[in-house]
1. Among the candidates GLN131, GLN90, which residue alone is within 30 Å of ILE376 (Cα to Cα), in the same structural domain as MET349 (by TED's automatic domain parsing) and surrounded by fewer than 19 Cβ atoms within 10 Å (Cβ to Cβ)?
2. Going by what's in this entry, would ALA402 be described as within 13 Å of GLY63 (Cβ to Cβ), buried (at least 24 other Cβ atoms within 10 Å of the Cβ) and not hydroxyl-bearing (Ser, Thr, Tyr)?
3. Take the conditions in contact with a helix residue (DSSP H, G or I) (Cβ under 7 Å, 6 or more places away or on another chain), free of Cβ contacts under 8 Å to residues at least 40 places away in the same chain and either away from the ligand (no atom under 16 Å from the Cβ) or not hydroxyl-bearing (Ser, Thr, Tyr) (or both) and apply them to ALA211. Does it pass?
4. Take the conditions more than 16 Å from the ligand (Cβ to nearest atom), at pLDDT 95 or above and assigned by TED's automatic domain parsing to the domain that holds SER403 and apply them to ALA36. Does it pass?
5. What about ALA288, is it modelled with pLDDT under 95, surrounded by fewer than 15 Cβ atoms within 10 Å (Cβ to Cβ) and either among the hydrophobic types (A, V, I, L, M, F, W, C) or within 16 Å of the ligand (Cβ to nearest atom) (or both)?
6. Check MET71 against each of (1) free of Cβ contacts under 8 Å to residues at least 60 places away in the same chain; (2) part of a loop (DSSP other than H, G, I, E, B); (3) within 16 Å of the ligand (Cβ to nearest atom) and name the one condition it does not meet.
7. Kindly indicate whether any position in region 317-324 is modelled with pLDDT of 95 or more, within 16 Å of the ligand (Cβ to nearest atom) and aliphatic (A, V, I, L, M).
8. As an exercise: evaluate SER184 against (1) touching a strand residue (DSSP E or B) at 6+ places or on another chain (Cβ under 8 Å); (2) away from the ligand (no atom under 16 Å from the Cβ); (3) hydroxyl-bearing (Ser, Thr, Tyr); (4) under 29 Å from GLU82 (Cβ atoms) and give the number of the one condition it does not meet.
Amino acid sequence: MTNANQWAVKADRIIDGTIGPVLNDGVVVVDGDRIASVGPQSTTVLPRDVYAFDAGNRTIMPGMIDAHVHMLSTGGNSGGDESRAMSDHQAILQGAQNSLMALKSGLTTVRDCGDRNFLSLTLRDSIASGQIPGPRMLCSGPVITSTAGQLWWNSIECDTTDELRHAVRTLVKNGVDFIKMMGSGGNATPGSNPEASQYDAEGYYAVAEDAHRMGKKVAVHVHGVEAIRMAVDAGMDTLEHVPFRADGTIKYNDQIVQDIVDKGLIVSLAMPATWYRLTEEDMRDTRAHPGHLWETRYDSIRRMHAAGVKLVVSSDQGSTGTRIDELPLLAAFLVNDVGLPAADVIYGMTGLSAEALGMEDQIGTLEPGKLADILILDGDPLADIGALKNVQKGILGGQTVASEGAINLH
Ligand SMILES: [Zn+2]
């Protein structure tokens, strides 16, 4: 029997986005927008007339997921200042350009962790309706922050528990996919304090409880130990950044990390290009940037990994100097400089990242029934993580969206 919607792709190796072993000489069969089967070429019987593309000595893997981006921002070296200076019209066009770059670089899903005026939702819906090409998007809309707090120019400012609850409800009413809360201050906002929590414990509980009641996850930006502690206690779904800052240094906390593991919470690293590409000179945008703490954090990342924390590899694109196509550079940094295993880094941007988004039953792995978000890479990223940059073909929901650096317009 022939099914016109079916096609297949074979390759020497398939990384399926789970923590399982690599499948050598494998074949993925796609039916419409879904994966029909994944298995060895030797035992997979392809229906007659099914088109089978042989990718040879390439790697098949799931489309990459960046769980922390700001699609309306430039990714220039003065990202924060540039974003504040843009009109809404410019911002939405910037989002469209980032959408194309995302597809070219192998991203098939992104989670936008903070926009202004709900513009990212317009981008999300334009992509979903086929108006412009781009990755699947989940959007928080504006962040929740305190008055004058981290990223206040893209926020709903809240200071009391009642205001926090009202903001969560307002965001849900406007159609956001999840809630982004700024638990602590951050480097990008003059006058905010990265080490201090912007809310008391009750505020975190209120946001988590109200969001979860309405079926939404919460991503919480936390730099300081105090804020991390309160976010963990409140059961926030994804903890963004988590550098354990206190008293001008890094104070890694074993008990908090154990609680993160026991509760099954996810740490989304959200590490911008300041880690792997930019020099101090480049960092005009980041006031009081604690550059001397960078290397200290390598060790805390290794210790979280060793303790069994679920580490999602995310870029914080749009923050200082970080472009939408730079997630593979972060992956290379984590493997080559921090020393994490390549398999775990790839899992952190596929299967685990899908879990962070609450979409693990739809995307992130190559398994029957999931959406056919597939990359074909030159090389083997397990042997050389730099191969993540070599996207030969990007497939989104069964459709080829990028081929050898060019975008397919449907
Ligand atoms: Zn961010």
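The values are calculated or read from the model by the stated rules, or taken from the named source; none is laboratory data. As the structure is a computational prediction, the values presented were derived from the model and not from experiment. Cβ sites come from the backbone with ideal geometry, for glycine too, and all protein chains shown count toward neighbours.
1. Working: GLN90 fails: within 30 Å of ILE376 (Cα to Cα).
Criteria check complete, one pass: GLN131.
2. Values: within 13 Å of GLY63 (Cβ to Cβ): yes; buried (at least 24 other Cβ atoms within 10 Å of the Cβ): yes; not hydroxyl-bearing (Ser, Thr, Tyr): yes.
Considered against the rule, which asks whether it is within 13 Å of GLY63 (Cβ to Cβ), buried (at least 24 other Cβ atoms within 10 Å of the Cβ) and not hydroxyl-bearing (Ser, Thr, Tyr), ALA402 comes out as yes.
3. Details: in contact with a helix residue (DSSP H, G or I) (Cβ under 7 Å, 6 or more places away or on another chain): yes; free of Cβ contacts under 8 Å to residues at least 40 places away in the same chain: no; either away from the ligand (no atom under 16 Å from the Cβ) or not hydroxyl-bearing (Ser, Thr, Tyr) (or both): yes.
The answer is no for ALA211.
4. Numbers: more than 16 Å from the ligand (Cβ to nearest atom): yes; at pLDDT 95 or above: yes; assigned by TED's automatic domain parsing to the domain that holds SER403: yes.
Considered against the rule, which asks whether it is more than 16 Å from the ligand (Cβ to nearest atom), at pLDDT 95 or above and assigned by TED's automatic domain parsing to the domain that holds SER403, ALA36 comes out as yes.
5. On the way: modelled with pLDDT under 95: yes; surrounded by fewer than 15 Cβ atoms within 10 Å (Cβ to Cβ): yes; either among the hydrophobic types (A, V, I, L, M, F, W, C) or within 16 Å of the ligand (Cβ to nearest atom) (or both): yes.
In short, yes.
6. Failing condition for MET71: (1).
7. Within region 317-324, one or more residues are modelled with pLDDT of 95 or more, within 16 Å of the ligand (Cβ to nearest atom) and aliphatic (A, V, I, L, M).
8. (2)
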